[in-house]
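Participant: Below you'll find the structure I mean.
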Amino acid sequence: MKPYTLICSALAVLSMPALAAVTPEEAKQLGTTLTEFGAIKAGNKEGTIPAYTGGLTKAPAGYKAGSGFWADPYKDEKPLFRIDAKNMAQHADKLSEGQKMLLKKHPTTYYIDIYPSHRTAAFPDKVLKATVRNATTCKTLKENLAVDQACRGGLPFPIPKNGYEVMWNQQLAYAGELGTTTEMSRSWVVDSGGKVTMTAEQSTVQEKPYYQTGDRDEQMYSRAFSVTRGPARRAGEASGLLDYLDPTEKPRRAWSYTPGQRRVKLAPEFAYDTPVASQGGVTLFDELFLFSGKMDRFDFKLVGKKEMYIPYNGYKYYFECKEDDQFRPAHVNPECERHELHRVWVVEATLKPGMRHVYSKRVYYLDEDSPNAGMFDAFDQSGALYRSSFISFVQLYDAMVPYAVKNAVYDFNKGMYALLNDSLSKGYQIPKTMRSEKEQNAEAVVARSSAR
C-alpha cells in the first residue's frame, strides 16, 4: 500500500497511549480549530473541501415533512468532473482499491462523477456538548473492546488516538435519538449474469439506546430488528440484533423467528463472518453498516487522515432514482450516485494470529464529519481484494440526523453485488415516540407482526 499523506492532527494522535483521554489543552481544539465532533474545521488549501459552518439544518424548497423522502438541496448542481478508466490514474491517491477495481473491470459502463463538496452533517446541541465532555473523560476498556457507559449521549472519541476509538465512533455514531423505521426496506442481489433478485422486503426498526434515557439498558448501544414481508417463502420471519458497550461481559444478543417453528430462538451465530441470509449471503454480520459487533478478531490500526472521493449527499440515490433504474448488470447505476471530496479517517484492520475470519485485512475510510459514512475494502487470505462496500450519506436536515444506511457491496470473487437498505418505494421514517422496553423485546415484536 502506498504511504498516506497524513493530516498533521492525525499524526499527533498516533504516538499517544491507547487508553489515555486527551489532555485539557488538546480538548480546547474542539469548537475552535476542530469541530465539536473532532473534524478539521477549516477547508483544505486548494479550496476543494470547504470549511465546516454548522452543517445543513434548513429544508430546501419541495420538502414535505413526514413524507419519508428528503428533497435534494443540490439537485441543480452539475459534476465538476468525471473519473473513468481512462483518467483514474490521475486520481488514484483519492480512490479506494474497490473504486479502482470497478473502474478497471467495467471501463465502458462505470464512472465516478465528482460534485462540489458540502459538509452537511449537523447534530443537536446536547450531542455536541456530550461529545466535548467525552474528549477528556471517555475511555475504552478491556484492551479497547469495551467503552465506559458514562460516555453515553455523545460521540465517544472526538480526538481518537487509535483505530479502535475510530471504530467505536463508527458504531456509536449519532443516528437520531429515537432511531428510524422503514415500512418497506428491500435488499437486492445482482448475480454475475446481471439478474436482479429481491432477497428481502422488510419492515425495520433501528435505534441507538446509547443516545436515549428512560427504561433503556445503559449497556445497550444499538438495537435493530426486522420483520420480513417477502419474498413469499420467507414471509413472517423476524430477527433482531442487540449490541452492548462491554461485549466481553454482555455479548451480542441476536434472535430469530420463523413461522414454521413458531418460537423465538437465540442466534449467537449472527456475528463475525457468518453470511447474512436476507442479503443474499453477499454480506457478513460484522460488516453491516460497514462494521458491526465485537472487535476482538482484528487489530485496528489508525493510519491517519486523507482526502478521498466518497459517496456523499446521496439524495438522488436514496430518494429519487427509479427503483428499476438503480441497477446495472455489474454495478449500481453511476447516474444515481454522487461522490464528493472529503477527509476520512483511515483504519487498517488486520486479522490477529490464531483468529479465524474469511478476511485477512480490511481497510476503512470513515468520514471525519459523520463516522457512519464511508467505505471499506476487504482482502482474502491471499491478500487479493475480495469485497468492497460503499455506504452513502444524507443529512436529514429537519431532524438534525446524519443518516447512512443505504449501501452497495461488491463481491469481486463471484462477480456479483448487493444493494441493501433500499427504501425508494416507501421512504424512511423518524418515529415521534419510541415503544417501551417491554414492547421492544423479541416476543412482542413477533406478536405484533403476527397480528397483522
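Participant: Against the definition (touching a strand residue (DSSP E or B) at 6+ places or on another chain (Cβ under 7 Å), of a type outside the set (A, V, I, L, M, F, W, C) and surrounded by fewer than 22 Cβ atoms within 10 Å (Cβ to Cβ)), how does ASP380 come out, yes or no?
Facilitator: So ASP380 fits the description; yes.
Participant: For region 173-189, state whether one or more residues are over 22 Å from PRO371 (Cα atoms), surrounded by 22 or more Cβ atoms within 10 Å (Cβ to Cβ), modelled with pLDDT of 95 or more and in contact with a His (Cβ under 9 Å, 6 or more places away or on another chain).
Facilitator: Within region 173-189 (the criterion being over 22 Å from PRO371 (Cα atoms), surrounded by 22 or more Cβ atoms within 10 Å (Cβ to Cβ), modelled with pLDDT of 95 or more and in contact with a His (Cβ under 9 Å, 6 or more places away or on another chain)), the answer is no, since none of the residues qualifies.
Participant: If you don't mind, there's one more thing I want to ask. Restricting the search to region 383-401, which residues are assigned to a loop (DSSP other than H, G, I, E, B) and either among the hydroxyl-bearing types (Ser, Thr, Tyr) or crowded, with 21+ Cβ neighbours inside 10 Å (or both)?
Facilitator: Answer for region 383-401, where residues must be assigned to a loop (DSSP other than H, G, I, E, B) and either among the hydroxyl-bearing types (Ser, Thr, Tyr) or crowded, with 21+ Cβ neighbours inside 10 Å (or both): SER392, PHE393, TYR397.
Participant: So, in region 224-252, of the ones that are touching a Pro at 6+ places or on another chain (Cβ under 9 Å) and either among the polar types (S, T, N, Q) or surrounded by fewer than 20 Cβ atoms within 10 Å (Cβ to Cβ) (or both), which residue ends up nearest to ASN372 (Cα to Cα)?
Facilitator: So, considering only residues that are touching a Pro at 6+ places or on another chain (Cβ under 9 Å) and either among the polar types (S, T, N, Q) or surrounded by fewer than 20 Cβ atoms within 10 Å (Cβ to Cβ) (or both), the one nearest to ASN372 (Cα to Cα) is PRO251.
Participant: Taking interchain pairs and intrachain pairs at least six residues apart, which have beta carbon atoms under 6 angstrom, with the first residue in region 289-306 and touching a residue at least 60 places away in the same chain (Cβ under 8 Å) and within 18 Å of SER388 (Cβ to Cβ) and the second among the acidic types (Asp, Glu) and assigned to a strand (DSSP E or B)?
Facilitator: Here the result reads VAL303/GLU348, each pair linking region 289-306 to a residue that is among the acidic types (Asp, Glu) and assigned to a strand (DSSP E or B).
Participant: For region 182-224, enumerate the residues that are touching a residue at least 12 places away in the same chain (Cβ under 8 Å), under 25 Å from TYR318 (Cα atoms) and charged (D, E, K, R).
Facilitator: Within region 182-224, GLU183, ARG186, ASP191, GLU201, GLU207, LYS208, ARG223 qualify.
Participant: Is there any pair linking a residue in region 333-349 that is in contact (Cβ under 8 Å) with a residue 60 or more places away in the chain and among the basic types (Lys, Arg) to one that is in a strand (DSSP E or B) and surrounded by 22 or more Cβ atoms within 10 Å (Cβ to Cβ), with Cβ under 9 Å and at least six apart or on different chains, and which?
Facilitator: Filtered contacts from region 333-349: ARG338/PRO311; ARG343/LYS305; ARG343/MET308; ARG343/ASP367.
Participant: If a residue has to be hydrophobic (A, V, I, L, M, F, W, C) and in contact with a helix residue (DSSP H, G or I) (Cβ under 6 Å, 6 or more places away or on another chain) to count, how many in region 134-148 make the cut? Spell out the reasoning first.
Facilitator: Start the filter on region 134-148 by keeping residues that are hydrophobic (A, V, I, L, M, F, W, C), which leaves 135, 138, 141, 145-147.
Next cut, in contact with a helix residue (DSSP H, G or I) (Cβ under 6 Å, 6 or more places away or on another chain) only: 135, 138, 147.
Adding up the residues that qualify gives 3.
Participant: Can you go through LYS361, LYS322 and tell me which one is surrounded by fewer than 24 Cβ atoms within 10 Å (Cβ to Cβ) and at pLDDT below 95? Spell out how you get there, then give the answer.
Facilitator: On the way: LYS361 fails: at pLDDT below 95.
Every option except LYS322 fails the conditions.
Participant: One residue is enough: does region 17-40 have a residue meeting the conditions exposed (fewer than 14 other Cβ atoms within 10 Å of the Cβ), among the acidic types (Asp, Glu) and at pLDDT below 95?
Facilitator: Yes - at least one qualifying residue is present in region 17-40.
Participant: If a residue has to be over 29 Å from LEU128 (Cα atoms), more than 19 Å from the chain's Cα centre (by Cα) and among the charged types (D, E, K, R) to count, how many in region 379-409 make the cut?
Facilitator: Residues that pass the stated criteria total 1.
Participant: Exactly one condition in (1) of a type in the set (Lys, Arg); (2) without any contact (Cβ under 8 Å) to a residue 60 or more places away in the chain; (3) closer than 23 Å to PRO209 by Cα is not met by ARG262; state its number.
Facilitator: Here ARG262 meets the rest and fails (3).
Participant: When you go through PHE319, PHE327, PHE300 one by one, which is the residue that is of a type in the set (Phe, Trp, Tyr), farther than 19 Å from THR120 by Cβ and within 20 Å of the chain's Cα centre (by Cα)?
Facilitator: On the way: PHE319 fails: farther than 19 Å from THR120 by Cβ; PHE327 fails: within 20 Å of the chain's Cα centre (by Cα).
Step by step, each of PHE319, PHE327, PHE300 is checked, and only PHE300 is of a type in the set (Phe, Trp, Tyr), farther than 19 Å from THR120 by Cβ and within 20 Å of the chain's Cα centre (by Cα).
The values are calculated or read from the model by the stated rules, or taken from the named source; none is laboratory data. Note that the structure is a prediction, hence the values are computed from the model and not measured. With ideal geometry, Cβ positions are generated from the backbone for all residues, glycine too; neighbour counts draw on all protein chains shown.
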